[in-house]
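Take a look at the structure below.
Values in this text are rule-based calculations from the coordinates and carry no lab data. Nothing here was measured: the structure is a model prediction, and the numbers come from that model. When we count neighbours, we look across all protein chains shown, and the Cβ atoms used for this are built from the backbone with ideal geometry, even at glycine.
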Amino acid sequence: MSFSLYDAIIPGNLQIIGSVSGLVDKAVAFCADNDRAESDLIQARLAEDMLPFSYQVKSVAEHSRVAIESVRAGNYSPDTGAPPDSFEALKAKLADAAAMLEALDPAEIDGFIGNDMQFSFGEMVMPFTAENFLLSFAQPNFYFHATTAYAILRAEGVQIGKRDFLGQVRIKTG
């Protein structure tokens, strides 16, 4: 059985996008149950010099959907725009990313192998092959931001655990 680039990236991204969407649901419920303003959690940070929960969730979408779009174009440049400022908008951004990934043709993703790709930010340019960009840059960033979003909610007192982070695991069914 062969294991493809698609298999290495897309199912895991979909799993974690689903779990991060569930984390947003837990944040909504937490705010309602604890008389907390939505903005309290949206702007919450682990440390003063880290970006807030909303940015972490935005980045989950960025390093999944936008990473694939960027490989198609041959260049990834980070979106420096403001993150969504509501739970509803964060959920929509995640749903958009999941819908795009679900619609992908595995052959297209596997066809990226060997293509030139670059990361550019201002004057900085980092050359990659498409697969190395996806596996050594986009994917680690994706998991970093998902983990940080989880950690922010835990630090704020939201009752979540490891199962909330893992989401729907892909168990053997036959």
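Restricting attention to the stretch 131-174, the residues that are in contact with a strand residue (DSSP E or B) (Cβ under 9 Å, 6 or more places away or on another chain), in contact (Cβ under 8 Å) with a residue 12 or more places away in the chain and closer than 17 Å to SER59 by Cβ total 4.
Taking the residues in the stretch 51-97 that are in a loop (DSSP other than H, G, I, E, B) and acidic (Asp, Glu) as candidates, determine which candidate is farthest from MET124 (Cα to Cα). Among those residues, the one meeting the criterion is ASP85.
Scanning the stretch 114-139 for residues that are surrounded by 13 or more Cβ atoms within 10 Å (Cβ to Cβ) and part of a loop (DSSP other than H, G, I, E, B) yields a single hit, ASN115.
When ASP79 is tested against (1) more than 26 Å from GLU156 (Cα to Cα); (2) surrounded by 16 or more Cβ atoms within 10 Å (Cβ to Cβ), exactly one condition is not met: (2). Residues that are in contact with a Pro (Cβ under 8 Å, 6 or more places away or on another chain), crowded, with 19+ Cβ neighbours inside 10 Å and more than 28 Å from LEU134 (Cβ to Cβ): does the stretch 29-43 have at least one? The answer is yes; a qualifying residue exists. Screening ALA92, ALA107 for residues that are exposed (fewer than 15 other Cβ atoms within 10 Å of the Cβ) and closer than 22 Å to GLN43 by Cβ leaves exactly one candidate, ALA92.
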